[in-house]
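Just so it is clear, none of the values below were taken in a lab; they were calculated from the coordinates. This structure is a prediction, so every number in the text was calculated from the model and none was measured. Cβ placement follows ideal geometry from the backbone for every residue including glycine, while neighbour counts extend to all protein chains displayed.
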Amino acid sequence: MDAKTVAAHWEGNADAWTKYSRAGYDRYRDALNTPAFLAMLPPVAGLNGLDLGCGEGTNTRAVAELGAKMTGLDIAPTFLRHARETEAEDPRGIDYVLGDGLGLGFEDGRFHFVTAFMSMMDMSDQAAVLAEVRRVLKPGGFLQFSILHPCFVPPKRRNIRDAQGEPVAVEIADYFRETDGEVESWLFSSIPEAERQGQKPFTVPRFHRTLSSWVSMIVGAGLTIEAFGEPMASPEQAAAEPVVADTRVAPIFLHIRARKPVDERSTSGPA
């Protein structure tokens, strides 16, 4: 699947995704994934950052609130419209631009860091995106991104629950089957049933890669991996937000931070 087709899917999702995520129905994001991502993020105050695949801008704003000067980039114009409307109403100094990770329209060494919240897995050529990220990073700059965990959320995954409905195990399959835009249809599970009636599901092209493929692509782009994170809900979080309780059985998300070497001679990646 090419980037144009990917963009069409996300443009079709954008209005409903914005509506329901801002209404608080993306509980995995709000209760666990984003807080864990921000806790792992190095200090960014005073730095120039790019949020790659920014969507409607909620996570971009969260990073800006840490003191960074942010640029948000997305492939879907409707997402950017929502993000810009929020910026106009409550400014955080964020610039939002339409673009594609396969060809970032910025000069070399523009940013101190790049974030990508749950967007890299939805891009058709992650190796090319990583090379572009490395290009726009300053020497010593870092990329931090989150994805569905390749090992525990491959193309086929099923929660196994006990008689009380509590998650106790995960069944997975097709880990080694890397996909090229296989479209999944779903809605946030927290949306009330009455609201789900008549709502068109999101259509999300998926580009699953194994963990070894991700590591090879990151290293091949000339970046050095320095941190992994696998968010797990605490007992208190699981009790307060039952939807995230399955992350106590096996992780759903993987967070990765990788850095561009300060000395260009210290890497064999592309210049």
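Can you sort Cys151, Cys54 from fewest to most other Cβ atoms within 10 Å of each residue's own Cβ? Before the final figure, lay out each step's value.
Working: Cys151 14, Cys54 29.
Ranking Cys151, Cys54 by Cβ neighbours within 10 Å, fewest first, gives Cys151, Cys54.
What distance in nm separates the simple spin-label points at Thr203 and Ala163, each placed 7 Å from Cα in the Cβ direction?
A separation of 4.4 nm, rounded to one decimal place.
For the peptides 15-27, 167-179, what is the packing order when you average, over each peptide's residues, the other Cβ atoms within 10 Å and list the highest mean first?
Details: 15-27: 16.8, 167-179: 13.5.
The peptides rank, most packed first, as 15-27, 167-179.
Give me the percent of DSSP beta bridges within the chain that run antiparallel, rounded to the nearest 5. Could the numbers behind the result be given before it?
On the way: 23 of 41 bridges.
Given both bridge residues lie in the chain, the antiparallel proportion sits at roughly 55 percent.
What is the magnitude of the charge dipole of the chain about its Cα centre, with +1 placed on the Cβ of each Lys and Arg, -1 on the Cβ of each Asp and Glu, and no other charges, expressed in debye to the nearest 20?
On the way: 28 positive and 37 negative charges, 81 e Å.
Result for the chain is approximately 380 debye, rounded to the nearest 20.
Using only Cα atoms, tell me the angle between helix 3-22 and the longest principal axis of the chain; keep it within 0 to 90° and round to the nearest 10.
60
If you stretched the chain out fully between Val262 and Val183, how much longer would it get, using 0.36 nm times the residue separation minus the C-alpha to C-alpha distance?
Details: separation 79, 0.36 × 79 = 28.44 nm, distance 3.91 nm.
Result for the pair: 24.5 nm of gain on full extension.
Compute the helix-to-body angle for 77-89: its Cα long axis versus the longest principal axis of the chain, expressed 0 to 90° and rounded to tens.
Approximately 80 degrees, to the nearest ten.
Sorted from fewest to most neighbouring beta carbons within 10 Å, what does the list Glu56, Glu184 look like? Numbers along the way, then the final one.
On the way: Glu56 27, Glu184 12.
Taking fewest neighbouring Cβ atoms as first place, the list is Glu184, Glu56.
I need the calculated FRET efficiency for the pair Arg248 and Glu107, taking r as the beta carbon distance and R₀ as 35 Å, to the nearest 0.05. Intermediate values should be presented prior to the final figure.
On the way: r = 45 Å, r/R0 = 1.27.
It comes to 0.20.
Measure out, as a whole number of angstrom, how far apart the alpha-carbon centroids of the range 117-132 and the range 66-80 sit.
Here the two parts' Cα centres lie 16 Å apart.
Under a 10 Å cutoff between Cα atoms, tell me which one of Arg134, Arg157, Arg206 has the largest fluctuation in the Gaussian network model of the chain.
Arg157
Can you sort Thr58, Thr115, Thr210, Thr5 so the residue with the fewest Cβ neighbours within 10 Å comes first? Spell out each step's value before the answer.
Values: Thr58 19, Thr115 29, Thr210 15, Thr5 12.
Result, fewest neighbours first: Thr5, Thr210, Thr58, Thr115.
For helix 126-136, report the angle its Cα long axis makes with the longest principal axis of the Cα atoms of the chain; keep it between 0 and 90° and round to the nearest 10°.
The angle comes out at about 40 degrees.
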